[in-house]
Ligand SMILES: [Zn+2]
């Protein structure tokens, strides 16, 4: 259904839905629910824009460079698909190049694209690793993500400060215990 809507039509539907929601919970406490609904719809559209965005992942010849490349501490913000509440933290990526390498800024773009969807952290981690595997065909790729989930901090069990770590290892990082331990060390994660 969503595919046939223009982005303006989709945002308008979201705005109307926020309007209904605000009428139920905020009226008459908020003076201007219409403006709030509009701003919330704009924010929602931005935070879920990763379904349509296609980052251009330009690759370059590795020219014989065959050591591990590590990009760590990439911040990300996503929404959990169970509660629609944010989870946020950092992604750490390592790969062992094959014939191609990727521009360093593209790692952050890739993480951002998949984070701007309704997610579970496990799938988000997997999607980043799979996409790198697909685009670069490296000899190995490893992705570790660490995040705090506000659905755990603000509601339910209410335990702020808890960090969830997920990791996906492909190729040699998966097959070799030594390579896996080395990469987890480089990514600052204890094996
Ligand atoms: Zn949740």
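No value in this document is a laboratory result; all are computed from the given coordinates. Bear in mind that the values here come from a model prediction, so they are computed numbers and not experimental data. Neighbour counts run over all protein chains shown; Cβ positions are idealised from the backbone, glycine included.
So how tilted is helix 121-136 from the main axis of the chain? Cα-based, degrees 0 to 90, rounded to 10.
The angle comes out near 50 degrees.
Using a 7 Å offset from the Cα along the Cα-to-Cβ direction at both residue 42 and residue 189, what is the distance between the two label points in nm, to one decimal?
Distance between the two pseudo-spin positions: 3.7 nm.
Going by alpha carbons, how many degrees (0 to 90, nearest 10) lie between the helix axis of 33-47 and the longest principal axis of the chain?
It works out to around 10 degrees.
Anyone know which of 95, 27, 65 comes out most mobile in the 10 Å Cα GNM of the chain?
27
How large is the direction-averaged shadow of the alpha-carbon convex hull of the stretch 7-72, in nm²?
7.5 nm²
I'd like the orientation of helix 177-186 relative to the chain: the angle between its Cα long axis and the longest Cα principal axis, in ° from 0 to 90, rounded to 10.
60 degrees
If you take the alpha carbon radius of gyration of the chain and divide it by 2.2 N^0.38 Å, what ratio comes out, to two decimals?
1.22
Describe numerically, in nm with one decimal, the distance between label points set 7 Å from Cα along Cα→Cβ at residue 54 and at residue 159.
Result: 4.3 nm between the two label points.
Top mean-square fluctuation among 94, 153, 140, Gaussian network model of the chain, C-alpha springs under 10 Å?
Most flexible of the set in this elastic network: 153.
Based solely on its DSSP helices, what 222 nm [θ] is calculated for the chain when runs of n ≥ 4 H residues each add -39,500 (n - 2.57) and the sum is averaged over all residues, nearest 500 deg cm²/dmol?
Computed ellipticity for the chain at 222 nm equals -12500 deg cm²/dmol.
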